[in-house]
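Worksheet: one structure, shown below.
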Amino acid sequence: MRPSHRIFSTEDARRLAMKRLPRLVFDFIEGGAGRERGMSRNTEQFDRVLLQPRVMADIEERTQTTEFLGTQFGAPFGVAPMGMCNLVWPHADRMVAETARDLNIPMCLSSAGSSTLDSVHEWAGENAWFQLYFGQSSQTSLEAAAQAQNAGYETLVLTVDVPQVSRRVRDLRNGFTMPFKMTPGAFLDFASHPVWSVSSLAAGVPSPKTLARTENGEGFNRNASRAGADWTFLERLREQWQGKLIVKGITSPVDAVRAQQCDVDAIYVSNHGGRQLDCVPPALRLLPIIRRAVGPAFPLLFDSGVRNGEDVVKALILGADFVMLGRPVLYALGAASQKGLSDLLHCLVEDIDITMAQLGTTNVSDLGLHNLFEDGEAADGPLAVSGPARLHVAGQQ
Ligand SMILES: Cc1cc2nc3c(=O)[nH]c(=O)nc-3n(C[C@H](O)[C@H](O)[C@H](O)COP(=O)(O)O)c2cc1C
């Protein structure tokens, strides 16, 4: 393989995916809400955070093993729920599931997934989590959760930040719909990407397959309004769901505390990668705020803008207990299928390891605000964190 075709970073994966995928598919992965400023702010915020190297700390015995909600994972990151992965490359769901199992990291199957609950559970085993959207009604949503429980899932992620699907201008321009419909523009797009088109044609056009139709007639409807969801629903779901329950898409400290009162096991701080609201604050900036609101010990999961191992470490430093990867996974699959994904995730593991070495840390649970570079000049950024958030720091130096 020519060096220009190898993946050493998310940027490599993105560049290769852009070449290999039809425009419509690439834009579906990459697109954000509105003018896509929210999406850019997520990554820019990571660039603003600087880390403080430490030396001579004897960091020979480093480990990334991370315990989250009572399970030991091989690394402090997993794969965020993303709908219609098989559109990016045939059998992508299987590739994600098997890679997650091999690396012992979690992967979260979306309600809008393109494989069944049973098959993903078979491929990923205990590493498979399930993500639920509120559906037509509380009843159909509880039935969907029951399908996941019956299929053997033990961790449920309820996504609450899509009360209404946002307007993504790229998808509107490209005529992207789900279920997928061929338009003249799409035909030309596909014709100029024959490898993707022939592979996808051979595997069959992907469609939402994760949720079976319930008695009330619902499978998954991307465009359905979820406007009826409220805290009562979360309370009912908590009563019904026997396993771990995580609520995803929390950006407000008030909502975080309300979710805690519903007895959820963890809160997933995320702004959906800027796919829902253009003027949303950068997710990394919200993390210390939510950490302060929920207290030092409450489990927090994070995504939105994570692109490399240093980003994972920064999120852990700023209050996350575990970190999820979104778009980079799809770029890697689009760039080079399973090998692309495996290469990218190995880059991340290596990157985290090297970052820990630079920071003089041997264990991810020792990362904390003491690892930030602070020169007293940044008054508004994440460096302005103070007060109880510091309690999160283990082994503060
Ligand atoms: C193509 C795509 C599909 C997504 N589908 C879902 C979904 O079905 N359910 C969900 O909770 N989040 C979904 N997300 C949001 C991700 O879980 C995650 O929050 C987001 O990708 C994080 O931002 P980042 O990718 O920029 O890091 C999707 C994201 C992408 C890129």
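Bear in mind that the values in this text are calculations on the coordinates, not laboratory data. Keep in mind that what you see is a predicted model, and the values were worked out from it rather than measured. Cβ coordinates were reconstructed from backbone atoms using ideal geometry, including for glycine residues, and neighbour counts include every protein chain displayed.
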For the chain, with a Gaussian network of springs between Cα atoms less than 10 Å apart, report the residue from Asp47, Asp311, Asp58 with the top mean-square fluctuation.
Asp58
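Would you calculate, for the chain, the mean residue ellipticity at 222 nm contributed by helices, counting each DSSP H stretch of 4 or more residues as -39,500 (n - 2.57) and dividing by all residues, to the nearest 500?
After summing the helix terms and dividing by residue count, I get -12500 deg cm²/dmol.
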Ellipsoid equivalent to the chain - semi-axes via the Cα gyration tensor, in Å
32, 26, 20
Suppose we flag GluC sites (Glu not before Pro) only when DSSP calls them loop and at most 10 other Cβ atoms lie within 10 Å. Which is the longest uninterrupted stretch of the chain?
216-376
Between region 65-139 and region 220-253, what is the C-alpha centre distance in whole Å?
18 Å
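Sort region 298-371 into rounded, prolate or oblate with this rule: let a ≥ b ≥ c be the square roots of the eigenvalues of the Cα gyration tensor; rounded if a/c is under 1.5, and if a/c is not under 1.5, prolate when a/b is larger than b/c, oblate otherwise.
Verdict is oblate for region 298-371.
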Projected convex hull area of region 1-82, Cα atoms, direction-averaged, in nm², equals 9.7 nm²
Anything over 25 Å Cα to Cα? Flag those among Lys181/Lys248; Lys19/Lys339; Lys181/Lys209; Lys248/Lys314; Lys314/Lys339; Lys209/Lys248, in the order listed.
Lys181/Lys248; Lys314/Lys339
With 0.36 nm assigned to each residue of separation and the Cα-Cα distance removed, Gln139 to Glu126 gains 2.0 nm
Which loop-located trypsin sites (Lys or Arg not before Pro) does region 1-76 contain, where loop means any DSSP state but H, G, I, E or B and the Cβ has at most 16 other Cβ atoms within 10 Å?
Arg6, Arg35, Arg54, Arg62
Centroid-to-centroid separation of region 325-369 and region 12-52 [C-alpha atoms, Å]
17 Å
Among Ala357, Gln72, Ala336, whose Cα lies farthest out toward the positive end of the dipole of the chain, if unit charges sit on the beta carbon of Lys, Arg (+1) and Asp, Glu (-1)?
Ala336
How would His272, His346, His91 line up from fewest to most surrounding beta-carbon atoms within 10 angstrom?
His346, His91, His272
How far, in nm, would the chain grow between Glu350 and Thr183 when pulled straight, counting 0.36 nm per residue and subtracting the alpha carbon separation?
55.8 nm
What percent does the relative contact order of region 167-271 come to when contacts are Cα pairs within less than 8 Å and at least six residues apart?
17 percent
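Under unit Cβ charges (Lys, Arg +1; Asp, Glu -1), what dipole magnitude, rounded to 20 debye, does the chain have relative to its Cα centre?
Values: 38 positive and 44 negative charges, 293 e Å.
So the dipole magnitude of the chain works out to roughly 1400 debye.
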Sorted by packing (mean other beta-carbon atoms within 10 Å per residue), highest first, where do 183-189, 70-76, 247-253 land?
247-253, 70-76, 183-189
If the label point sits 7 Å along Cα→Cβ of Ser40, residues of region 280-313 with amide N under 15 Å come out as 280, 282
Pick from Met182, Met84, Met107: which is most flexible by mean-square fluctuation in a GNM of the chain where alpha carbon atoms under 10 Å apart are linked?
Met182
Projected onto their principal axes, the Cα atoms of region 128-167 stretch, largest extent first, over whole-Å spans of 34, 21, 11
Taking a ≥ b ≥ c as the square roots of the eigenvalues of the Cα gyration tensor, with a/c under 1.5 meaning rounded and otherwise prolate when a/b exceeds b/c and oblate if not, region 241-340 is prolate
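For region 124-248, what is one quarter of the convex hull surface built on the Cα atoms, given in nm²?
Approximately 9.4 nm², given one-decimal rounding.
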Scattering from the C-alpha atoms of region 1-160 alone, worked out with Debye: what is log10 I(q)/I(0) at q = 0.10, 0.11, 0.12, 0.18 1/Å?
-0.50, -0.61, -0.72, -1.32
Where only alpha carbons of region 77-177 are counted, the Rg and the Dmax (Å)
14.1, 40
For region 1-143: relative contact order, % (alpha-carbon pairs under 8 angstrom, 6 or more apart):
15 percent
